[in-house]
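A.B. asks: Can you read through this structure? Questions will come right after.
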Amino acid sequence: MPASNLSWPQQVLRFIGKLIFYFLISSIGATVFFRFVPIPFTWTMLDRKFSGGGELHYDWTPYDEISPEMALAVVASEDQRFPQHFGFDFEMMGNAFKNNLKGRRIKGASTISQQVAKNVFLWQGRSYFRKILEAWFTLLIEVIWGKQRILEVYLNVAETGPQTFGVQAASARFFGKPAASLSRTEAARIAAVLPSPIRFSVTNPSGYVQRRTNAIARQMRALGGKSYLAGI
């Protein structure tokens, strides 16, 4: 039926339907594209560039050129059920919901997959609309990318220090070595600052960062070491 013969509510519904269709096609296409192509930048990188000024330190590095200790460190720190879940840790989300009802907050409710979906495709924020989009992109990358690609992207785009993104840039700036050579303690130190990489320092760690580094290293051992991620 020609659009001119439709009532205005029908025209609005048709327009919304087209928007949803084009969004689905474009989001799937973008996810397939970035399954194979390095992420050129994220919105957080752009924000840091224009708000903080100065050079951004970002050096995309393939997964097999990053120390397995580093991959294990972020999983031990951020999302220990990463190999098992399908993008969402419902137990942790339930705990977060209960604590929010009590007026408290809990850290780590977002999985690595959710963080990657947000960082690569979306903007920072806490609106319900953005959370719905985050859930959609989380499902897409779980299906299209798989665990190793998700972890590879996380290790490359996570903010690791002032004007610094990814573990390769962090390793070079803070330890003077490539990410492939990071030791367990060094990997745990980088992971320890991830909750707040601007507030916390890899090179000048506070007592809290040192304690968190030690705790992450213990968790890495408890998970079984590098073999924990061997099957992803």
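The values are calculated or read from the model by the stated rules, or taken from the named source; none is laboratory data. For clarity, every value in this text was computed on a predicted model and none was experimentally measured. Virtual Cβ from ideal backbone geometry, glycine too; neighbours counted across all protein chains shown.
A.B. asks: Does segment 118-136 contain at least one residue that is under 18 Å from residue 75 (Cβ atoms) and acidic (Asp, Glu)?
C.D. replies: The answer is no, given that none of the residues of segment 118-136 is under 18 Å from residue 75 (Cβ atoms) and acidic (Asp, Glu).
A.B. asks: Quick one: residue 154 ticks every box in (1) of a type outside the set (A, V, I, L, M); (2) within 18 Å of residue 232 (Cβ to Cβ); (3) in a strand (DSSP E or B) bar one, so which box is it?
C.D. replies: Every condition holds for residue 154 apart from (3).
A.B. asks: Considering segment 179-232 alone, what residues qualify as being in contact with a helix residue (DSSP H, G or I) (Cβ under 8 Å, 6 or more places away or on another chain) and among the charged types (D, E, K, R)?
C.D. replies: Of everything in segment 179-232, those that are in contact with a helix residue (DSSP H, G or I) (Cβ under 8 Å, 6 or more places away or on another chain) and among the charged types (D, E, K, R) turn out to be 184, 186, 189, 212, 226.
A.B. asks: Only one of (1) buried (at least 18 other Cβ atoms within 10 Å of the Cβ); (2) closer than 15 Å to residue 71 by Cβ is not met by residue 230, so which one is it?
C.D. replies: (1)
A.B. asks: Restricting to segment 154-172, and then to whatever is of a type outside the set (Ser, Thr, Tyr) and touching a Gly at 6+ places or on another chain (Cβ under 7 Å), can you tell me which residue is modelled with the lowest pLDDT? Before the answer, list the steps.
C.D. replies: Narrowing segment 154-172 to residues of a type outside the set (Ser, Thr, Tyr): 155-159, 161-163, 165-170, 172.
Then drop every residue that is not touching a Gly at 6+ places or on another chain (Cβ under 7 Å), which leaves 155-158, 163, 170.
Values: 155: 98, 156: 98, 157: 98, 158: 97, 163: 93, 170: 98.
Applying the filter and picking the extreme gives 163.
A.B. asks: Looking at 135, 188, 180, 169 in this structure, which one is part of a helix (DSSP H, G or I), in contact with a strand residue (DSSP E or B) (Cβ under 7 Å, 6 or more places away or on another chain) and not β-branched (Val, Ile, Thr)? First the steps, then the outcome.
C.D. replies: On the way: 135 fails: in contact with a strand residue (DSSP E or B) (Cβ under 7 Å, 6 or more places away or on another chain); 188 fails: in contact with a strand residue (DSSP E or B) (Cβ under 7 Å, 6 or more places away or on another chain); 180 fails: in contact with a strand residue (DSSP E or B) (Cβ under 7 Å, 6 or more places away or on another chain).
Every option except 169 fails the conditions.
A.B. asks: Go through 231, 207 for me and flag whichever is more than 27 Å from residue 42 (Cβ to Cβ) and free of Cβ contacts under 8 Å to residues at least 60 places away in the same chain. I'd like the intermediate steps shown before the answer.
C.D. replies: Values: 231 fails: free of Cβ contacts under 8 Å to residues at least 60 places away in the same chain.
The conditions single out 207.
A.B. asks: Got a number for residues in segment 35-70 being of a type in the set (S, T, N, Q), closer than 13 Å to residue 179 by Cβ and out of contact with any Lys or Arg (no Cβ under 9 Å at 6 or more places or on another chain)? First the steps, then the outcome.
C.D. replies: Keep residues of segment 35-70 that are of a type in the set (S, T, N, Q), which gives 42, 44, 51, 61, 67.
Retained after the next criterion (residues that are closer than 13 Å to residue 179 by Cβ): 61, 67.
Cutting the leftovers down to out of contact with any Lys or Arg (no Cβ under 9 Å at 6 or more places or on another chain) gives us 61.
Going through segment 35-70 one residue at a time, the tally reaches 1.
A.B. asks: Which numbered condition trips up residue 149, out of (1) surrounded by fewer than 22 Cβ atoms within 10 Å (Cβ to Cβ); (2) of a type in the set (Lys, Arg); (3) farther than 18 Å from residue 232 by Cβ; (4) in contact with a helix residue (DSSP H, G or I) (Cβ under 8 Å, 6 or more places away or on another chain)?
C.D. replies: Tallying (1) surrounded by fewer than 22 Cβ atoms within 10 Å (Cβ to Cβ); (2) of a type in the set (Lys, Arg); (3) farther than 18 Å from residue 232 by Cβ; (4) in contact with a helix residue (DSSP H, G or I) (Cβ under 8 Å, 6 or more places away or on another chain), residue 149 fails exactly one: (3).
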